[in-house]
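Chemist: Take this structure, written in structure tokens, and hold onto it; I'll ask about it next.
All of the numbers you see were taken from the coordinates with simple rules; none came from a lab. None of the values given here were measured: they were computed from a predicted structure. So basically every Cβ, Gly included, is an ideal-geometry build from the backbone, and we count neighbours across all protein chains shown.
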Amino acid sequence: MVPARWFANSRLALPTNSAEVEESLPLRVLAQALVTVGVVSVAVAAVGVTQTSLWNLLAIPLSGVGAWVSWQRRHQRNIAMKFTIALGMLIALAAFFSRILQAPGDTRIILAELLIQLQVLHSFDLPRRKDLGYSMMIGLILLGVSATISQTFSFAPMLLLFLALALPVLMLDYQSRLGLKPAPWRQVAVGPTLRQFAAMMGITVALGLVIFIFLPRLPSYQIQNFPVSSTIDIDGNFDGQAIINPGYINDGDGNGQGDQGFGEGGSGTIEGRGQSAGAGTVDDTFYYGFNQTMNQNLRGTMTPQVVLRVRSQAPGFWRVLAFDRYTGQGWDISRNEEIQTLARSRFANKTLLPIQPSLGRQRNIVQTYTVVNTLPNLIPALYQAWELYFPTREVAIDLEGSLRSPVSLEEGLTYTVVSRVPFRDRTLLRQSPTQYPAEIRQHYLQVPDSIRDRVRQRTEELLATSPTPLTDPYEKSLYLAQALKQRYTIQPDLPFFAEDQDLVETFLFTTQGGYPDHFSTVLTVMLRSIGIPARLVTGFGEGQFNPFTGFYVVKNVDAYALTEVYFPQYGWFGVDPIPGHELLPPSLREYKTFSTVRRVWNWVAGWLPSPVLGLLDGMRQWATEVLIFLLRALGGLFRLGWVGIVLGLAALTAAAFVGWLGWNWIAQGWRRWQLRQLPPTERIYQQMLAWLAEQGHPKRPSETPLEYSQRLYQESAATQAQAAGEMAHAYVRWRYGGEAQNTVYLTEKLRLLRRSRPAQGRFPKPKRRRV
């Protein structure tokens, strides 16, 4: 958290001599700018994600004042100030531990605020370059904290600005280590400098993106300290029965004259437009399926808006609510009174949830949800959740495995869920027994008597169209879902149902289709009619994955309903009959270490014009065909016996030799092109380094130009060392001092260096000639 050496090295240690004092004002200004960017990035990244104090921005002017005071008193001993700063740091540390004990959970913002406070104190005493280095590291750490918090592209400008400041800071720091003074501003060639800076920025950003895309993606969340908002305390008792959905009016009277707050059976508040029964219009913000009663006689569409940002180890259907009783024009939760209330641990934010045992293979999947716009008091999670890290002290779970909160999910709320997600093994599910428990048969085979026979007959007719006999519930479920996709259509202008009209019957025999969610209702009832337990489940699709932030961006229009089918010993598995959707909802797969490459390509391909995309696909197919042809030809040679093996090895050797020659030719051409783009002084210096490397005297990466020239006096001939030394000194004066050099003279020195002969032994160091 706090580097202990600050108190030993930075605060109480005194400069031993004036040479340790940093005199570069540009370096100090840019170091302060890095800290400023770090502070601002924390505030920007936290917007809409977590709570942070705007007082942190006060650190910007305060640390600026401290930097000015430090500059004015950089040659003073400042004993009293050092002790005052150390005392202030101890007070900040005590306040930090106090906040940790009061609000356990996600401590990233608290740690960032501690660093900001320490930086303000630290800025009042920065005599040495090492002290400025501590400030730079604080700025970098704050940027890293912001990166872990940020969920949008708003962090990207801060990252680029930090990089733009860091490049000249590194140059000035290196210049200071060489003991060189910065060139006067009037002698700096602004044009070439800006071009070089832009090129360096472009190369750095490009390399960073390439590394980011190809970086192996291993299972995340290795540290079990999950993000969760601060504790929310509520008044009164919580029984979990009420569902607060502002999209539904109370008691379904159609005029919005009911009481506000928790209605009978949890139908919501009067703020919305949707009705819990009868014909009506859906609310333009809240999904109508997040309620105890799901009325599917509503018409209209929602206005798209982002409601969630989800970071998950695997994509999935963010499950919200499940229904067991079909009402003829919608669904209801028949056992809403049988709610189990669970209290979290006193020592952590973790709540253990009951789950159904399964014989199938499962994996723990961690998901972190951040609410962007208000949602009902229903907690989205992958099926089936068994650990919940939520800010309230109590939560509730119903018999369908749906989670409920005492409060609505407001903007900025963050919570984490660990779910034991089952793998979908088709072989095992096909072998699942069909002897269902009595409770399953009682609640998940319910079909109205008035439509049972007719729906069962239509279901059997569809199953009879299969080219192969269907003998198990799993294959029947998939085939019926596919049949609904192909034989029925989505009808956005569907009229309202009459009071005595049944949704499923009208869908199958009258309208030949309906709204998207109607497909899931029809499939659920059809499966029940032939003795396969099923229920309707509502939730959010995975949304749009952002490969740069790692979050799934979920909108309210991503909410829909699908069918869950029960398989004894293995649990519930979803099937999606909605046209345009995948037959199987997003499910658990094996980890793909380089999955980001595919996701980035899919994202880029979505923006490319069709001709360009077709050209790239054609090139990929051509390269694949050529590679396959070569492999087949090589395999054919190897099958000819010893002669074929020798010919194959000879062909591989010749191909490798040709490839090596081509690579060298390209590398040399690229090197010559790079040299032509360099300024004359730097070009001469680079040519000198290349020639000396060929002679067996390469420059080490850790050496400065002057250190390298001094080593040459011990390893090479005197004439070579003298010429190289002059060119190295000229390069340093031009590169870091801004002094113009005599390039004609340096070119002549390079020519003499190349024509000189190496000699053995050590030679006295010649006098240095000024260019």
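Chemist: Output the peptides 20-31, 451-462 sorted from most to least packed, where packing is the average of other Cβ atoms within 10 Å over each peptide's residues.
Modeler: 20-31, 451-462
Chemist: What is the spread of the Cα atoms of region 57-139 along each of their three principal axes, largest first, in whole Å?
Modeler: Here the spans come out as 44, 23, 22 Å, largest first.
Chemist: For region 372-388, in order, what is each residue's ³J(HN,Hα) by Karplus, 6.51 cos²θ - 1.76 cosθ + 1.60 with θ = phi - 60°, in whole Hz (x at glycine and Pro)?
Modeler: Result, rounded to whole Hz: 9, 9, 4, 10, x, 7, 10, 9, x, 6, 5, 7, 10, 6, 10, 9, 10.
Chemist: Just to be sure I understand: if I project the alpha-carbon convex hull of region 446-511 onto a plane and average over all orientations, what area do I get in nm²?
Modeler: Directional mean of the projected Cα hull area for region 446-511 stands at 5.4 nm².
Chemist: Give the whole-number value, in cubic angstrom per residue, of the convex hull volume spanned by the C-alpha atoms of region 357-481.
Modeler: Dividing the Cα hull volume of region 357-481 by its residues yields 174 Å³.
Chemist: Could I ask something else about it? Quick one: Debye curve from the C-alpha atoms of region 630-764, no solvent, what's log10 I(q)/I(0) at q = 0.10, 0.14, 0.16 Å⁻¹?
Modeler: Debye output, listed in q order: -0.50, -0.70, -0.83.
Chemist: Here is a follow-up. Take Lys130 and Thr471, extend 7 Å from each Cα along the Cα→Cβ direction, and tell me the distance between the two endpoints in nm.
Modeler: Output for this residue pair reads 8.0 nm.
Chemist: Something else: Rounded to the nearest 20 Debye, what is the dipole magnitude of region 270-422 about its Cα centre when Lys and Arg each give +1 and Asp and Glu each give -1 at the C-beta?
Modeler: Magnitude of the dipole: close to 640 debye.
Chemist: State, to one decimal in nm, how far the label point of Val65 lies from the label point of Ser756, with both points 7 Å from Cα in the Cβ direction.
Modeler: Once both label points are built, they end up 5.9 nm from each other.
Chemist: Wrap a convex hull around the Cα atoms of region 23-169, take a quarter of its surface area, and give that in square nanometres.
Modeler: Mean projected area for region 23-169: 8.6 nm², to one decimal.
Chemist: Also: I need the calculated FRET efficiency for the pair Ala655 and Ala623, taking r as the beta carbon distance and R₀ as 22 Å, to the nearest 0.05.
Modeler: 0.90
Chemist: Of the listed peptides 202-212, 282-292, 76-86, 643-653, what is their order by residue-averaged count of other C-beta atoms within 10 Å, with the highest listed first?
Modeler: 282-292, 76-86, 643-653, 202-212
Chemist: Still on this structure, I have one more. Take the alpha carbon atoms of region 436-453, find their center, do the same for region 367-401, and report the distance between the two centers in whole angstrom.
Modeler: 29
Chemist: Right, next: On the principal axes of its Cα set, how long, how wide and how thick is region 267-406? Give whole Å, largest value first.
Modeler: Result, largest extent first: 47, 31, 31 Å.
Chemist: How much length is gained if the chain between Glu461 and Ala279 is pulled fully straight, taking 0.36 nm per residue apart and subtracting their Cα-Cα distance, in nm to one decimal?
Modeler: Extra length from Glu461 to Ala279 when fully extended: 62.3 nm.
Chemist: Over all distinct Cα pairs, what is the inverse of the mean 1/r for region 448-562, reported as the Kirkwood hydrodynamic radius in Å?
Modeler: So the Kirkwood estimate lands at 15.8 Å.
Chemist: May I ask you to derive the FRET efficiency for Arg426 and Glu20 from their Cβ-Cβ distance with R0 = 56 Å, giving the value to the nearest 0.05?
Modeler: 0.20
Chemist: What spacing in nm lies between the two simple spin-label points modelled at Ile141 and Thr704, each 7 Å away from Cα in the Cβ direction?
Modeler: 2.9
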